[in-house]
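S.K.: Take this structure first; my questions come after.
The values are calculated or read from the model by the stated rules, or taken from the named source; none is laboratory data. Just so you know, these numbers come straight off a predicted model, no measurement behind them. FYI the Cβ positions are ideal-geometry reconstructions off the backbone, even for glycines, and counts take in every protein chain you see.
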Amino acid sequence: MLRTSFSKGFVSSRFGRNRFATAVLIILAVLVYCLFPTGLAARATDAPGKTPPAGFGVFKLKSSPFASKVAKRSSSMTMRSENRPPEEEASSGQAGKWPVPGLEYRVEEVIPPDEKPGPRAATTVAAPGSGNVRSANRKINFPRDPEDDLDVLKLQIFLDYIFLDYHGYSPGEIDGRWGYNTSRALYVYQMNNGLPTTGQLDDTMLSRLEEFAKVGYLGEYTLTSEDVKGPFYEIPRDYHAMAKYKWLPYESLGEKLGEKFHCSPTLLRKLNPGVDIDTVQAGDAILAPNVLDGIDEKRGEVALIRVSKHNKWTMAFDSQGRFMFYYPSTLGSEYDPLPLGNYQVTSVIYNPPFKYQPKLFWDADPNEPEEMLPPGPNSPVGKVWIGTSRKSVGIHGTPNPENISKNTSHGCIRLTNWDAEQLAKRVKPGTKIEFVE
């Protein structure tokens, strides 16, 4: 009892003499806890070097200290995943050495070839005057998923089709799902055709889709030996590992056929239940979006290319100022914004090699070695390069068509491979280019 009473008396006495100083310390401690709770908690829960602290202005940096050593994930409208397999990093020979930019890893949605069409599935109908079509009156596996929409699929094909009345409004990769690229292509179509610019599938557009049914939204196509020709193999995503190859091909036949018909390989699988798109052979017939007439050589040369930074689109006009083509585009970033001004085409190169220069990439180590990457459809610049008079800036294709306008570039104008090829066929050195806000 004595010791206890003594202790209590001692504490009481000390507090009486220093109550003001103690109160100040308590107030300061409370203020620190209230003002910085996130920072204190983050040390115990967040992995260092991966997640920027709250409020940190990472996008204002010249280089990012949080660059990952694996390929970044990006959202996909076609159910693709961009995870990079761990074994690939180990096999690249550069694992953990350079936090370099790389291509996104894509894995197609698994749809078994023998999967039966679901209760929402549509049935094909022969278009007027199409004759004996083997694929008529057949159920397709579309719509299959909640995001699938038959009218959206019709709209995407309608906008992409270039033959009768020269639509020429690319929705990007056709997948039968509503999204930014489809909405913007529809908006520009409405604007150029004197329609209310709603960017929506209103009654006017639905009636136009009904009229287009006479042409046919799907085509029955017999594959040729060139269509199914390889090679096909998985390529690494690390630029240093890619430089060891001689060619960067399609990774599957489904990917190659998807680009031929301007659509996702997943959509082709849905349109062809009972068919393994990756193993079809010459002479086999498949159903695909009716876009092959989209390369109309009678349309003439492009006189002006106009690229809009704000709208993320590229448009082409003839010498009379008449609209020719619309393409969704990936345009620069905060680090490498589109350089506004007037330029011109300097070159057109098909199957271009790509010189990787780290000093030009904000997210790369400038001391990293340069590499010359081989050509191919899965090259970082795709199947064609349209050089411009602006140094280091070109208009080119992409190995990831599903991500057009949804991500950023290192300063160039990125289109789908098929849109870039279509534009490249109609320009030449001297063609005018405008980079506008």
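S.K.: Evaluate the following for PRO358: is it out of contact with any His (no Cβ under 7 Å at 6 or more places or on another chain), modelled with pLDDT under 95 and over 26 Å from GLU301 (Cβ atoms)?
M.R.: Considered against the rule, which asks whether it is out of contact with any His (no Cβ under 7 Å at 6 or more places or on another chain), modelled with pLDDT under 95 and over 26 Å from GLU301 (Cβ atoms), PRO358 comes out as yes.
S.K.: Taking region 425-437 as the region of interest, how many residues are within 15 Å of LEU331 (Cα to Cα), at pLDDT 95 or above and not hydrophobic (A, V, I, L, M, F, W, C)?
M.R.: Final tally of qualifying residues: 1.
S.K.: Given the conditions (1) in contact (Cβ under 8 Å) with a residue 40 or more places away in the chain; (2) under 26 Å from PRO128 (Cα atoms); (3) assigned to a helix (DSSP H, G or I), and given that LYS256 satisfies all but one, which numbered condition is not satisfied?
M.R.: The single condition LYS256 does not satisfy is (2).
S.K.: Separate question: Inside region 166-191, can you point out the residues that are over 15 Å from HIS262 (Cβ atoms) and free of Cβ contacts under 8 Å to residues at least 24 places away in the same chain?
M.R.: Listed by number, the residues that qualify are SER183, TYR187, GLN190, MET191.
S.K.: Still on this structure, I have one more. Criterion first (surrounded by fewer than 19 Cβ atoms within 10 Å (Cβ to Cβ), within 18 Å of the chain's Cα centre (by Cα) and of a type in the set (Ser, Thr, Tyr)) does TYR250 satisfy it?
M.R.: Criteria not met by TYR250.
S.K.: Look through LEU201, LEU159, LEU195 and report the one residue that is under 23 Å from ARG306 (Cα atoms) and assigned to a loop (DSSP other than H, G, I, E, B).
M.R.: The unique qualifying residue is LEU195.
S.K.: What residue, among those in region 271-291 that are closer than 21 Å to VAL215 by Cβ and surrounded by 17 or more Cβ atoms within 10 Å (Cβ to Cβ), is modelled with the lowest pLDDT?
M.R.: Among those that are closer than 21 Å to VAL215 by Cβ and surrounded by 17 or more Cβ atoms within 10 Å (Cβ to Cβ), it is VAL291.
S.K.: Now a separate question. Residues in region 233-252: is at least one under 25 Å from PRO143 (Cβ atoms) and aliphatic (A, V, I, L, M)?
M.R.: No, every residue in region 233-252 fails to be under 25 Å from PRO143 (Cβ atoms) and aliphatic (A, V, I, L, M).
S.K.: I'd like to check something: does region 414-424 contain any residue that is at pLDDT 95 or above, assigned to a strand (DSSP E or B) and either closer than 26 Å to SER264 by Cα or not polar (S, T, N, Q) (or both)?
M.R.: Looking for residues that are at pLDDT 95 or above, assigned to a strand (DSSP E or B) and either closer than 26 Å to SER264 by Cα or not polar (S, T, N, Q) (or both), one finds none in region 414-424, hence no.
S.K.: Looking only at residues that are of a type in the set (Val, Ile, Thr) and either at pLDDT 95 or above or surrounded by 19 or more Cβ atoms within 10 Å (Cβ to Cβ) (or both) in region 387-413, which one is farthest from the chain's Cα centre (by Cα)?
M.R.: THR388
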